[in-house]
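Presented below is the structure to which this report refers.
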Number of protein chains: 2
Amino acid sequence: MPGSRPKLEVCLSPALLNLYDTKDTVVVIIDIFRATSTIAAALHNGATRVIPVASVAECIDLGKQISNSITAGERDGKIAEGLEHGNSPSEYPADFVKGKTLVLTTTNGTRLLHMVKDAATIITGSFLNLEAVCDFLAKQNRNVLLACSAWKDRFNLEDTLFAGAVASLLQDQYDINCDSTRAAMYIYNASGGKDIISFLKESSHYKRLAAYGLEQDMEYCASLNLHPVVPILRGTELVVF
Amino acid sequence: MPGSRPKLEVCLSPALLNLYDTKDTVVVIIDIFRATSTIAAALHNGATRVIPVASVAECIDLGKQISNSITAGERDGKIAEGLEHGNSPSEYPADFVKGKTLVLTTTNGTRLLHMVKDAATIITGSFLNLEAVCDFLAKQNRNVLLACSAWKDRFNLEDTLFAGAVASLLQDQYDINCDSTRAAMYIYNASGGKDIISFLKESSHYKRLAAYGLEQDMEYCASLNLHPVVPILRGTELVVF
């Protein structure tokens, strides 16, 4: 019966976040290329926590304060000056990241994460942990907002595609009366749901990152369920649920 | 050759308009339910001009100043207090509207129209004049922004569907590197491009207006090429190009 189920909505850009009520909601932060993919990989490979920060300066600062930490982040497709590592999920295998704190600065994803203030729960989602995210949501019995990080506030295809995947997989459990969600589901249907990377090769962000030679990275980000963890925000850090 | 063609972009909500450069661009204002549908109908049926205004007070005021004018507008699906007519395209047949000025107040569409300041040309689009709009754009050889009025800044399916129709019909003539445009085209593909109204019955706005008994109105708005005119903004009024 519609109305008795919790609702599921999709926010297509941080610039539209003010239109949604996030109070008591589970918010899923989505930044497929590449923040939330890297977060899933690092935590699944044994990092104790990921601390997302907005600026390179803050990243360097925190890295000095925390023992056994890695500072990471890119600007314009290159490791940012003063940091040690990049924003690629493949850079964080278990033998490197296990037991460490990853201090990660990204632009779009981190900004959105810091914008959500009053949610019941904040988790991060990516194709690498799609099923784990869906399983988690299905057990919450709460309203859900799938929040796309976008690109400098511009709608992007990869985050929306992921939102459409989640909405399509969970549609029977939620009351969906949100045109953004319907649009995301149409886009997911158009992709066929399997060969994610071929579908995303047409996207602006793919083309932008491919120009930096990051094709393999994006292929990694488009792999399904390689890192089945649920990164959940506790205070200022993301840990495995 | 990509790059030598003008570009075509889609803005999904007035809240995202600041991300787009409208200078020297042809902007198509889209408010399918129902402002830009009503504008096409009224002008095609012989209204000399349509003056879109933001408030009911302004509408009443202008109506008094202009002889042979009709004041029109709705709030919450009913004719607004102090105005004479509603916001339905079927209310403006030739024997009523011919030779008159329609002063029309709407919320979403009018607001967006007034937000665009520096475009080369502003026209309005709807399914009722889809082909006329496409023919017009094809002759301009300029960058195009398809601007969706949305619903109180929220993404909506019907405006995006129309943007997808235009983009699909004109894709060979433009350089398209905009994920919003790709998304709109996927949505248009999903609709099949023919039975527009069946597709839109799932949309939030359809459900909202259907609750006011406006199903026939929306069916009218979903009819293809019934009013083949191009409403173009000259100063503060829309006239037939």
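The values are calculated or read from the model by the stated rules, or taken from the named source; none is laboratory data. Just so it is clear, the structure is predicted and the values come from calculations on it, not from any experiment. Every residue, glycine among them, receives a Cβ derived from its backbone with ideal geometry; neighbour counts consider all protein chains shown.
The table below gives the values:
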item: Condition check for A:G82: farther than 26 Å from A:E219 by Cβ and part of a loop (DSSP other than H, G, I, E, B); result: yes
item: Qualifying position, being surrounded by 23 or more Cβ atoms within 10 Å (Cβ to Cβ) and free of Cβ contacts under 8 Å to residues at least 60 places away in the same chain, among B:A150, B:A165, B:A184; result: B:A165
item: Scan of the range B:124-168 for residues that are charged (D, E, K, R) and in contact with a Cys (Cβ under 7 Å, 6 or more places away or on another chain), ordered by number; result: B:D159
item: Any pair with Cβ under 6 angstrom, 6 or more apart, that starts in the range A:85-114 at a residue that is among the acidic types (D, E) and ends at one that is modelled with pLDDT under 95 and not in a strand (DSSP E or B); result: none
item: Cβ-Cβ under 7 Å pairs, at least 6 apart or on other chains, the range A:36-65 side in the same structural domain as A:E84 (by TED's automatic domain parsing), far side of a type in the set (D, E, K, R); result: A:N45/A:K98; A:G46/A:K98; A:A47/A:K100; A:T48/A:K100; A:R49/A:E237; A:V50/A:E237; A:I51/A:E237; A:A54/A:R111
item: Single match in B:D76, B:D118, B:D95 (criterion: surrounded by fewer than 21 Cβ atoms within 10 Å (Cβ to Cβ), in contact with a Lys or Arg (Cβ under 7 Å, 6 or more places away or on another chain) and acidic (D, E)); result: B:D118
item: Only listed residue being touching a strand residue (DSSP E or B) at 6+ places or on another chain (Cβ under 7 Å) and at pLDDT below 95, chosen from A:L113, A:L137, A:L146, A:L102; result: A:L113
item: Residue within the range A:22-30 that is polar (S, T, N, Q), within 19 Å of the chain's Cα centre (by Cα) and part of a strand (DSSP E or B) present; result: no
item: Wholly within the range A:155-238, helices (runs of 4 or more DSSP H) carrying at least 2 residues that are under 26 Å from B:Y20 (Cα atoms) and either modelled with pLDDT under 95 or away from chain B (no Cβ under 11 Å) (or both); result: A:157-170, A:204-210
item: Any hit, the range A:88-96, residues being touching a Leu at 6+ places or on another chain (Cβ under 9 Å), on the phi < 0 side of the Ramachandran plot and in a loop (DSSP other than H, G, I, E, B); result: yes
item: Filter pass, B:A210 being of a type in the set (A, V, I, L, M), without any contact (Cβ under 8 Å) to a residue 60 or more places away in the chain and over 30 Å from A:P14 (Cβ atoms); result: yes
item: Matching option when the condition is more than 20 Å from A:A184 (Cα to Cα) and aliphatic (A, V, I, L, M), among B:L157, B:L169, B:L146; result: B:L169
item: Number of the exception - A:T71 against (1) crowded, with 24+ Cβ neighbours inside 10 Å; (2) within 17 Å of the chain's Cα centre (by Cα); result: (2)
item: Failed item in (1) part of a helix (DSSP H, G or I); (2) more than 9 Å from chain B (Cβ to nearest Cβ), with A:L145 passing the rest; result: (1)
item: Selection count where residues are crowded, with 24+ Cβ neighbours inside 10 Å, assigned to a helix (DSSP H, G or I) and under 13 Å from the mean Cα position of the chain (by Cα), scope the range A:121-141; result: 4
item: Unmet criterion (only one of (1) surrounded by fewer than 22 Cβ atoms within 10 Å (Cβ to Cβ); (2) assigned to a loop (DSSP other than H, G, I, E, B); (3) not acidic (D, E)) for B:A47; result: (1)
item: Qualifying positions in the range B:54-76 - assigned to a loop (DSSP other than H, G, I, E, B) and in contact with a Gly (Cβ under 8 Å, 6 or more places away or on another chain); result: B:N68
item: Members of the range B:1-26 found to be among the β-branched types (V, I, T), more than 12 Å from chain A (Cβ to nearest Cβ) and in contact with a Phe, Trp or Tyr (Cβ under 9 Å, 6 or more places away or on another chain), listed by number; result: B:V26
